[in-house]
Amino acid sequence: MMTVNERVASLRKLMKEKGIDVYYIPNEDDHLSEEYTADYFKAKSYVSGFSGEAGCVIVTKDFAGLWTDGRYFTQAEDELSGTIVELMRLRQEGVPNPLNFLVDHTPKEGTLAFDGSVVSAENFLFLKKALTKKDAKILNDVDLVNDIWPERPAMPKESIFVLETK
């Protein structure tokens, strides 16, 4: 099994091959649920080693960061210890919002990529508008984590059911 540092290195290799400058890995699933997602959607955890339910990961050629909130700071410090993934404490002084970080770190005429099935239309439109000013492009159909996660859990296949009205 690869270490966190090896996973980030594998991700960076794919990014370089595909001409991607910044890769965004939110915690959401394809219903945009942010917490208690099925194992298939735990790409943030797979890449970073952080098992907490909230946050996102952003990887560039020379930076890998995990954004999470105050509920998880101690856990994240422990789980990220010894890795190249930097803890970005959400809503703390000097820590940029992850979407603003994406815009700021996507170079002019660069490329930002992510799996669009787990990013809201609102966030996509914000990024698209901001990156247009930099003549940068967005690839929203790129699931690089799938390419580096050989034993990724299967997509859930259970049938839906209706709860009783009580």
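For the reader, a short list of remarks on this structure follows.
- Qualifying residue in segment 29-40 (condition: among the acidic types (Asp, Glu), open to solvent by less than 50 Å² (accessible area, probe 1.4 Å) and more than 22 Å from Gln92 (Cα to Cα)): yes
- Cβ pairs under 8 Å, 6+ apart, first in segment 131-154 and in contact (Cβ under 8 Å) with a residue 60 or more places away in the chain and closer than 17 Å to Ala38 by Cα, second part of a loop (DSSP other than H, G, I, E, B) and small (Gly, Ala, Ser): Pro153/Ala38
The values are calculated or read from the model by the stated rules, or taken from the named source; none is laboratory data. Worth saying up front: this structure is predicted, and the values here are computed from it rather than measured. No Cβ is skipped: glycine too gets one built from the backbone with ideal geometry, and neighbour counts run over all protein chains shown. The area values use the complete protein model at the heavy-atom level, side chains included, leaving out ligands, DNA and RNA. Shrake-Rupley method; radii C 1.70, N 1.55, O 1.52, S 1.80 Å.
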